[in-house]
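Asks: The structure is given below, and queries will be raised subsequently.
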Amino acid sequence: MRNLFGTDGVRGTANIHPMTADMALRIGAAVGRYFRREAGGVHRVVIGKDTRLSGYMFESALTAGLTSTGMNVLLLGPVPTPAVGLMTRSMRADLGVMISASHNPAQDNGIKFFGPDGFKLSDQAETEIEALIDAGVTPAQAQNIGRAKRIDDARFRYGERVKSSLPRGIRLDGLKVVLDCANGAAHRTAPEVLWELGAEVVPLGVSPDGLNINRDCGSTQPAAAAAAVLAHGADVGICLDGDADRVILIDQTGKVADGDQLMALLASRWAQAGTLAGNALVATVMSNLGLERHLQGQGLKLERTAVGDRYVVERMRAGGFNLGGEQSGHIVMSDYATTGDGLMAGLHMLAALVETGQSASHLLSQFDPVPQRLQNVRFTAGQTPLELASVQASIRDAEAVLKDKGRLLIRKSGTEPLIRVMAECEDEGLLNTTVAEVAAAVEAATR
């Protein structure tokens, strides 16, 4: 059983367990021992980070733990999460590490791991690493301690890989794009890539100070970017999150479009081009029912998974699919990347604008979403509200009410102490009542 790892690595508030320097040191030593299985040879790990102040502390602690087991560490500096997946594989590293809490506020941080194939680790691997953390590991002999050095061209390598995913000859000349980088990991790379492709870029969130990542900006707070689209008369807005593995788009009218609309667009275009593997899109249980109906209308399938982009990727790999993602904006194009890539997905939206000549508002309105409501209920450590009989009874009642009319999803967040109550139903009155009643039952259980 995994106690330390959540949906996406280890995450929490900096300097509070488990996100302490001491724990990062132990994690580094354990994961170093896990991937350095044989004696001799060259063992290397790449480490990237976003722009959080605590990133310096965790970078140093992880480096100490990894080198203590004989791993050579290559420090990439601030780069998007998908760049770590790319560099792990392209540099023949045994392991990739990304220090980031994604869309969370600056006081949080996290540690994500990529295997030598560039993909995130499985639940089984994380369970085995947790066992090593608990047991402790024997450090390498003095002559076998690893080295660490900084790599200066990671941003360039990643930027060129992202551009190469576009159809040959595509240029963005004439497009005006508002680009919100969330004061995060892509604050330099993303504007450079769009400008090099010919776009006129209106940059937002490109002045990180260690404390302002995701603050009033980025994919979770797109209001500033929407206002900028209108103020500058831009063709589209692209909002990344702190580690740039997700994207939310804004059309020329200032309307926000989520990952479901972008996935619908890409799936339709790829299906028409004959490049959508298995004629299917992989998405999570959170994706809108309207997306599923839209795909079915085109003879395409929607494969649903648990929440978390790594579960999407696992299903894609198992089924041979090449497009997947999450409503929150993780878009995975496995022909080009090993994980969600917000910048790459945004570029493919821009390519659609160029190739079709249609407006963003047209392209990002692929289907009419079924009314959906999500309410989060916070709980404290040690509480298990979903196990209480009163909560289970409320969920059963809600499921009975929504039967044949919609669907209900209750889940515990893997990254925050939240119970997420989500429902979909054409009848908005019934939808709101149902979600409110279940959320109230959960909230009562946390008092």
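The values are calculated or read from the model by the stated rules, or taken from the named source; none is laboratory data. None of the values given here were measured: they were computed from a predicted structure. Glycine also receives a Cβ, built like all others from the backbone with ideal geometry; neighbour counts cover every protein chain displayed. To get the accessible areas, we keep the full protein, side chains included, count just its heavy atoms, and leave off ligands, DNA and RNA. Shrake-Rupley method; radii C 1.70, N 1.55, O 1.52, S 1.80 Å.
Asks: State all residues of region 105-157 that are at positive phi and either open to solvent by 10 Å² or more (accessible area, probe 1.4 Å) or in contact with a Cys (Cβ under 8 Å, 6 or more places away or on another chain) (or both); if no residue qualifies, say none.
Replies: The initial filter retains those residues of region 105-157 that are at positive phi, namely 118, 136.
Answer for region 105-157, where residues must be at positive phi and either open to solvent by 10 Å² or more (accessible area, probe 1.4 Å) or in contact with a Cys (Cβ under 8 Å, 6 or more places away or on another chain) (or both): just Gly136.
Asks: Looking for whichever is more than 13 Å from Gly342 (Cα to Cα), at pLDDT 95 or above and in contact with a Pro (Cβ under 8 Å, 6 or more places away or on another chain) here; the options are Ile213, Ile248. Which one fits?
Replies: Numbers: Ile248 fails: more than 13 Å from Gly342 (Cα to Cα).
Checking each option against the conditions leaves just Ile213.
Asks: OK, next. Name, by its number, the condition in (1) closer than 21 Å to Ile27 by Cβ; (2) without any contact (Cβ under 8 Å) to a residue 60 or more places away in the chain; (3) open to solvent by 50 Å² or more (accessible area, probe 1.4 Å); (4) not small (Gly, Ala, Ser) that does not hold for Ile99.
Replies: Of everything listed in (1) closer than 21 Å to Ile27 by Cβ; (2) without any contact (Cβ under 8 Å) to a residue 60 or more places away in the chain; (3) open to solvent by 50 Å² or more (accessible area, probe 1.4 Å); (4) not small (Gly, Ala, Ser), Ile99 misses just condition (3).
Asks: Determine if region 324-331 includes at least one residue that is touching a His at 6+ places or on another chain (Cβ under 7 Å) and not β-branched (Val, Ile, Thr).
Replies: Step one: filter region 324-331 for residues touching a His at 6+ places or on another chain (Cβ under 7 Å), giving none.
Taking every residue of region 324-331 in turn, none turns out to be touching a His at 6+ places or on another chain (Cβ under 7 Å) and not β-branched (Val, Ile, Thr).
Asks: Given the conditions (1) open to solvent by 30 Å² or more (accessible area, probe 1.4 Å); (2) assigned to a helix (DSSP H, G or I); (3) closer than 19 Å to Leu291 by Cβ; (4) among the hydrophobic types (A, V, I, L, M, F, W, C), which single one is not true for Ala400?
Replies: Going through (1) open to solvent by 30 Å² or more (accessible area, probe 1.4 Å); (2) assigned to a helix (DSSP H, G or I); (3) closer than 19 Å to Leu291 by Cβ; (4) among the hydrophobic types (A, V, I, L, M, F, W, C) one by one, Ala400 breaks only (3).
Asks: Restricting to region 425-438, give me the number of residues that are at pLDDT below 95 and under 24 Å from Gly308 (Cα atoms).
Replies: Result for region 425-438: 1.
Asks: Name the one entry in Ala345, Ala351, Ala318 that is small (Gly, Ala, Ser), part of a helix (DSSP H, G or I), open to solvent by 60 Å² or more (accessible area, probe 1.4 Å) and at pLDDT 95 or above.
Replies: Values: Ala345 fails: open to solvent by 60 Å² or more (accessible area, probe 1.4 Å); Ala351 fails: open to solvent by 60 Å² or more (accessible area, probe 1.4 Å).
Exactly one of Ala345, Ala351, Ala318 is small (Gly, Ala, Ser), part of a helix (DSSP H, G or I), open to solvent by 60 Å² or more (accessible area, probe 1.4 Å) and at pLDDT 95 or above, namely Ala318.
Asks: Name the residue that is least open to solvent (accessible area, probe 1.4 Å), counting only residues in region 28-68 that are in a loop (DSSP other than H, G, I, E, B) and modelled with pLDDT under 95. Walk me through it before giving the result.
Replies: Taking region 28-68 first, the residues in a loop (DSSP other than H, G, I, E, B) are 36-43, 50-54.
Those still in the list that are modelled with pLDDT under 95 too: 36-43.
Details: Arg36: 38, Arg37: 165, Glu38: 104, Ala39: 94, Gly40: 40, Gly41: 73, Val42: 113, His43: 4 Å².
Restricting to residues being in a loop (DSSP other than H, G, I, E, B) and modelled with pLDDT under 95, the top hit is His43.
Asks: Residues to consider are Leu172, Leu262; find the one that is within 21 Å of Gly325 (Cα to Cα) and surrounded by 20 or more Cβ atoms within 10 Å (Cβ to Cβ). Steps first, answer last, please.
Replies: Numbers: Leu172 fails: within 21 Å of Gly325 (Cα to Cα).
Sole residue among the options that is within 21 Å of Gly325 (Cα to Cα) and surrounded by 20 or more Cβ atoms within 10 Å (Cβ to Cβ): Leu262.
Asks: For Val354, all conditions in the list (1) closer than 30 Å to Gly233 by Cβ; (2) among the hydrophobic types (A, V, I, L, M, F, W, C); (3) in contact with a helix residue (DSSP H, G or I) (Cβ under 9 Å, 6 or more places away or on another chain) hold save one; what is the number of the exception?
Replies: (3)
Asks: Also, quick follow-up: Are there any pairs with C-beta distances below 8 angstrom linking a residue in region 365-392 that is farther than 14 Å from Asp258 by Cα to a residue that is open to solvent by 70 Å² or more (accessible area, probe 1.4 Å) and part of a strand (DSSP E or B), with the two at least 6 apart or on different chains, and if so which?
Replies: Cβ pairs passing all conditions: Leu386/Lys412.
Asks: Got a number for residues in region 403-447 being more than 27 Å from the chain's Cα centre (by Cα), polar (S, T, N, Q) and not in a helix (DSSP H, G or I)?
Replies: 1
Asks: Further question: Could you check Gly329 against (1) in a helix (DSSP H, G or I); (2) crowded, with 23+ Cβ neighbours inside 10 Å and say which number it fails?
Replies: Going through the list (1) in a helix (DSSP H, G or I); (2) crowded, with 23+ Cβ neighbours inside 10 Å, Gly329 breaks only (1).
Asks: Just for region 3-27: of the residues that are over 21 Å from the mean Cα position of the chain (by Cα) and β-branched (Val, Ile, Thr), which one is least open to solvent (accessible area, probe 1.4 Å)?
Replies: Filtering region 3-27 for residues that are over 21 Å from the mean Cα position of the chain (by Cα) and β-branched (Val, Ile, Thr), the one least open to solvent (accessible area, probe 1.4 Å) comes out as Ile27.
Asks: Identify all residues within region 69-96 that are polar (S, T, N, Q) and either assigned to a helix (DSSP H, G or I) or surrounded by fewer than 23 Cβ atoms within 10 Å (Cβ to Cβ) (or both); write none if there are none.
Replies: Residues of region 69-96 polar (S, T, N, Q): 69, 72, 81, 88, 90.
Asn72, Thr81, Thr88, Ser90 - these are the residues of region 69-96 that are polar (S, T, N, Q) and either assigned to a helix (DSSP H, G or I) or surrounded by fewer than 23 Cβ atoms within 10 Å (Cβ to Cβ) (or both).
Asks: (1) more than 22 Å from Glu160 (Cα to Cα); (2) of a type outside the set (A, V, I, L, M); (3) over 16 Å from the mean Cα position of the chain (by Cα): which one isn't true of Gly218, the others all being true?
Replies: (3)
Asks: Taking Cys217 as the residue in question, decide whether it is free of Cβ contacts under 8 Å to residues at least 40 places away in the same chain, of a type outside the set (A, V, I, L, M) and open to solvent by less than 20 Å² (accessible area, probe 1.4 Å). Spell out how you get there, then give the answer.
Replies: On the way: free of Cβ contacts under 8 Å to residues at least 40 places away in the same chain: yes; of a type outside the set (A, V, I, L, M): yes; open to solvent by less than 20 Å² (accessible area, probe 1.4 Å): yes.
When the stated conditions are applied, Cys217 passes them.
Asks: Can you tell me how many residues within region 372-383 are assigned to a loop (DSSP other than H, G, I, E, B) and open to solvent by 30 Å² or more (accessible area, probe 1.4 Å)? Before the answer, list the steps.
Replies: Start the filter on region 372-383 by keeping residues that are assigned to a loop (DSSP other than H, G, I, E, B), which leaves 379-383.
If we keep only those that are open to solvent by 30 Å² or more (accessible area, probe 1.4 Å) as well, we get 380-383.
The qualifying residues number 4.
Asks: Now a separate question. Output the number of residues of region 372-409 satisfying the condition of being in contact with a strand residue (DSSP E or B) (Cβ under 9 Å, 6 or more places away or on another chain), of a type in the set (A, V, I, L, M, F, W, C) and under 14 Å from Ala444 (Cα atoms).
Replies: So the answer is 5.
Asks: Sticking with this structure for a sec: Which members of region 238-268 meet the condition of being in a helix (DSSP H, G or I) and farther than 28 Å from Glu426 by Cβ? If you could, list the steps in order and put the result at the bottom.
Replies: Filtering region 238-268 down to residues in a helix (DSSP H, G or I) leaves 259-268.
Scanning region 238-268 gives no hits.
Asks: Look through region 290-311, keep the residues that are touching a residue at least 40 places away in the same chain (Cβ under 8 Å) and farther than 15 Å from Ser328 by Cα, and return whichever of them is surrounded by the fewest Cβ atoms within 10 Å (Cβ to Cβ).
Replies: Checking each candidate, the answer is Arg293.
Asks: How do the helices (runs of 4 or more DSSP H) wholly within region 119-226 filter down when requiring 3 or more residues that are under 30 Å from Ala64 (Cα atoms): which remain?
Replies: Numbers: elements: 123-135, 154-164, 189-196.
Ranges flagged: 123-135, 154-164.
Asks: So Thr275 passes all but one of these: (1) β-branched (Val, Ile, Thr); (2) in contact with a strand residue (DSSP E or B) (Cβ under 8 Å, 6 or more places away or on another chain); (3) assigned to a loop (DSSP other than H, G, I, E, B). Which condition number does it fail?
Replies: Here Thr275 clears every test but (2).
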